[in-house]
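One structure below.
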Amino acid sequence: MDPGFDNASTGGIIKIDDGSISFSVVNTKGDCLIVKALNNGTIRPGKGINFPGVDLNIPSITDRDKRHIKLGVKLGIDWFALSFVRSKKDFDTLLSSDINNDGFLDIYLGTGDPDYRSIQPNRMFVNKNGGTFDDVTFHGRFGHLQKGHGVSFADIDGDGDQDVHAVMGGAYEGSVYQNTLYENPGNYLNNWIGISLHGSKSNSLSIGARIEIVLNNGESIYRTVSSGGSFGGNPFKQMIGIGKNNKINKIKIFWPASGNNQDLYNLKPNQWHYIIESNS
């Protein structure tokens, strides 16, 4: 049997396609599980398999995922999202968005353990200058007990800070729950700049474009245009916190199709800028 399924035992339940088809484990033989269908249904490709109540020895982040994450970091990807978080070790390296506009990416975790009996709060961690994270789950009232899945960050109310939207509810019918929206109270006294890109040679949504914000103190902040996820996704418009800096020296944009770099100067913070890919 695959080492990851060692804890699956006779009498256990297996659910496929969000629980629409269930099986009972009747025996284990070599590297196989012998199961009995408990209801009729069609098993289609690409559907999830759940083992309720079983602690599978399977990593949430595979070696293939790690290679993709390393490539994403190299290319300047802003954030990564992980579904079905089971423990802290599953998300130690994953980033999300910047809720306090200090230029450092923060984490909101949807704890999507599919087990119906599982109760664990969703978690919010604020980045401390790129060194450590503070758990602000309780103080920010982020600790929702319903199972969290897709997470999105956006300035939904247009007040200059990013709010959080989370898809809630588990895989089973009795675990359905309405989604949640956390309005950011702001008052961080940090600055930001909004950038909406439009490609001409590149795709019109500018997916894959890379942005470098060069601050007046010589430091740079990097972002890549991407929705950022599958379960959850951010807007293509980039809202970028720059902390206490009140002046931007230069903004450099790398356009993916043409390979051109476009430099912009004298863009003011705390407002949105619409930028069209140059032809040169």
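The values are calculated or read from the model by the stated rules, or taken from the named source; none is laboratory data. What you see is a predicted model, and the numbers here were worked out from it, not measured in a lab. We place every Cβ from the backbone using ideal geometry, glycine too, and count neighbours over all the protein chains shown. Each accessible area value is taken on the protein alone, full model and side chains, heavy atoms only, with ligands, DNA and RNA left out. Shrake-Rupley method; radii C 1.70, N 1.55, O 1.52, S 1.80 Å.
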Item to check | Candidate set from the stretch 129-187 (those that are touching a His at 6+ places or on another chain (Cβ under 8 Å) and of a type in the set (Val, Ile, Thr)); member that is farthest from VAL225 (Cα to Cα) | outcome: THR180
Item to check | Residues of the stretch 190-230 satisfying the condition of being in contact with a Ser or Thr (Cβ under 8 Å, 6 or more places away or on another chain), in a strand (DSSP E or B) and of a type in the set (Val, Ile, Thr) | outcome: ILE211, ILE213, VAL214
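Would you point out which residue out of ASP159, ASP115 is assigned to a loop (DSSP other than H, G, I, E, B) and modelled with pLDDT of 85 or more?
Values: ASP115 fails: modelled with pLDDT of 85 or more.
When all the criteria are applied, what remains is ASP159.
Considering every residue within the stretch 146-156, establish whether at least one is among the hydrophobic types (A, V, I, L, M, F, W, C), over 30 Å from LEU71 (Cβ atoms), without any contact (Cβ under 8 Å) to a residue 12 or more places away in the chain and open to solvent by 40 Å² or more (accessible area, probe 1.4 Å). Talk me through it step by step, then tell me what you get.
Applying the first criterion (among the hydrophobic types (A, V, I, L, M, F, W, C)) to the stretch 146-156 yields 151, 153-154, 156.
The next check asks that each one be over 30 Å from LEU71 (Cβ atoms); those that pass are 156.
Now restrict to residues that are without any contact (Cβ under 8 Å) to a residue 12 or more places away in the chain: none.
Checking the stretch 146-156: not a single residue is among the hydrophobic types (A, V, I, L, M, F, W, C), over 30 Å from LEU71 (Cβ atoms), without any contact (Cβ under 8 Å) to a residue 12 or more places away in the chain and open to solvent by 40 Å² or more (accessible area, probe 1.4 Å).
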Next on the checklist: Just the residues that are farther than 14 Å from GLU212 by Cα and of a type in the set (Phe, Trp, Tyr), please, taken from the stretch 244-280.
Outcome noted: TRP272, TYR274
Item to check | Number of positions in the stretch 24-54 that are in contact with a helix residue (DSSP H, G or I) (Cβ under 9 Å, 6 or more places away or on another chain) and among the hydrophobic types (A, V, I, L, M, F, W, C) | outcome: 3
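Within the stretch 165-189, can you find the residues that are assigned to a loop (DSSP other than H, G, I, E, B) and among the charged types (D, E, K, R)? Working first, answer last.
Initial filter on the stretch 165-189 (assigned to a loop (DSSP other than H, G, I, E, B)): 170-172, 177-179, 183-189.
Residue satisfying the conditions is GLU183 alone.
Can you say whether ASN216 is over 24 Å from the mean Cα position of the chain (by Cα) and either surrounded by 15 or more Cβ atoms within 10 Å (Cβ to Cβ) or over 30 Å from GLY19 (Cα atoms) (or both), as far as the supplied structure shows? Full working, then the answer.
Working: over 24 Å from the mean Cα position of the chain (by Cα): yes; either surrounded by 15 or more Cβ atoms within 10 Å (Cβ to Cβ) or over 30 Å from GLY19 (Cα atoms) (or both): yes.
Against the criterion (over 24 Å from the mean Cα position of the chain (by Cα) and either surrounded by 15 or more Cβ atoms within 10 Å (Cβ to Cβ) or over 30 Å from GLY19 (Cα atoms) (or both)), ASN216 qualifies.
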Checklist entry - Filter the stretch 34-52 for residues that are part of a strand (DSSP E or B) and open to solvent by less than 80 Å² (accessible area, probe 1.4 Å); which is modelled with the highest pLDDT? => result ALA37
Next on the checklist: Which numbered condition in (1) in a strand (DSSP E or B); (2) open to solvent by less than 70 Å² (accessible area, probe 1.4 Å); (3) among the polar types (S, T, N, Q) is the only one that ASN249 fails?
Outcome noted: (2)
